[in-house]
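A.B. asks: This is the structure I want to talk about, given as structure tokens.
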Amino acid sequence: DAGITQSPRHKVTETGTPVTLRCHQTENHRYMYWYRQDPGHGLRLIHYSYGVKDTDKGEVSDGYSVSRSKTEDFLLTLESATSSQTSVYFCAISVGGESTDTQYFGPGTRLTVL
Amino acid sequence: AQKITQTQPGMFVQEKEAVTLDCTYDTSDPSYGLFWYKQPSSGEMIFLIYQGSYDQQNATEGRYSLNFQKARKSANLVISASQLGDSAMYFCAMRELTFGNEKLTFGTGTRLTIIP
């Protein structure tokens, strides 16, 4: 158990509404990540953070923003949700040394945009 | 650019048999890490095993081993003595260990079903 929680676990929303997903960790790991999982694509990196207020884009960052004001919390925001953002969202943390660090995942959030 | 290919969308294996899940990768970086994750029907992603590109021996973790063939760019997962609880999606992933690269690239997965 990597001590990662995600909230909410399930959410249904309408197109055009803002949505914020929260990832919380209990072990003060520096690196945190947001991925989305879609059929036929595996997991794809949206954004990641390497410290408080330090974030960078992943490969599918359009339409998403992130914030990290505390070490333990990493927020993912969809400013105006679209149906193409219906997906399962996973948060992850990185544990270990620089060359052998492993990413451990939270339980996921299933988001449906109608 | 890093890329992972898993060519087996689904596999059916008899309980107690060994199973090999295929994974090939493409990278021009000499330093990289290879990972396998398990995703049961409940949805969580569970880390199974890691292999570094400079590791001399194949990684093993209990019933899991990684058959690492560097020249062929393959990193197949071997599960010995399969159990019903091994039924799940399995994902191969890679990260190039270039400084500043935090991207973990996943394959599309293999759905393994263990038959009693």
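Laboratory data are not the source of any read-out in this text; all were calculated from the coordinates shown. Small disclaimer: the values here were computed from a predicted structure and weren't measured. Glycine also receives a Cβ, built like all others from the backbone with ideal geometry; neighbour counts cover every protein chain displayed.
A.B. asks: Estimate the FRET efficiency between residue B:54 and residue B:18 by the formula 1/(1 + (r/R0)^6), using the beta-carbon distance for r and 30 Å for R0, to the nearest 0.05. Working shown, then result.
C.D. replies: Working: r = 27 Å, r/R0 = 0.91.
Step by step, r from the Cβ atoms, then E = 0.65.
A.B. asks: Separate question: Per the Kirkwood treatment, what hydrodynamic radius in Å, one decimal, follows for the protein assembly as shown from the mean inverse distance over all distinct Cα pairs? The partial results should precede the final answer.
C.D. replies: Details: mean 1/r = 0.0549 Å⁻¹.
Kirkwood radius, the protein assembly as shown: 18.2 Å.
A.B. asks: Of the chymotrypsin sites (Phe, Trp or Tyr not before Pro) in the range B:27-116, which ones lie in a loop per DSSP and count no more than 15 other C-beta atoms within 10 Å? Don't skip to the end; give the middle numbers.
C.D. replies: Details: sites: B:32, B:35, B:36, B:37, B:47, B:50, B:54, B:64, B:68, B:90, B:91, B:99, B:106; in loops: B:54, B:99.
Hits after loop and neighbour filter: B:54, B:99.
A.B. asks: Sticking to Cα atoms, compute the Rg of chain B to one decimal and its Dmax as the biggest Cα-Cα distance, whole number, in Å.
C.D. replies: Both quantities, over Cα of chain B: 13.8, 46 Å.
A.B. asks: Next question. Which aspartates and glutamates have a Cα lying under 15 Å from the Cα of residue B:3, excluding residues fewer than 8 positions away in the same chain?
C.D. replies: Those aspartates and glutamates meeting the cut-off are A:59, B:22, B:26, B:29, B:96, B:102.
A.B. asks: Also: Treat each spin label as a single point 7 Å out from the Cα along the C-beta direction, and report the residue B:99 to residue B:61 distance in nm.
C.D. replies: 2.9
A.B. asks: Okay, next question. Quote the charge dipole size of the protein assembly as shown about the Cα centre in Debye, to the nearest 20; the model charges only the Cβ of Lys and Arg (+1) and of Asp and Glu (-1).
C.D. replies: Numbers: 21 positive and 24 negative charges, 48 e Å.
Once rounded to the nearest 20, the dipole reads 220 debye.
A.B. asks: When you look at the Cβ of every residue in A:26-35, what mean number of other chain Cβ atoms sits within 10 Å?
C.D. replies: Numbers: counts 0, 0, 0, 0, 0, 1, 0, 3, 0, 3.
Counting other chains' Cβ atoms within 10 Å and averaging over A:26-35 gives 1.
A.B. asks: Lys/Arg Cβ at +1, Asp/Glu Cβ at -1, dipole of the range A:1-70 taken about the Cα centre: which of A:58, A:16, A:41 is farthest positive-ward?
C.D. replies: Sorting the options by dipole projection puts first A:16.
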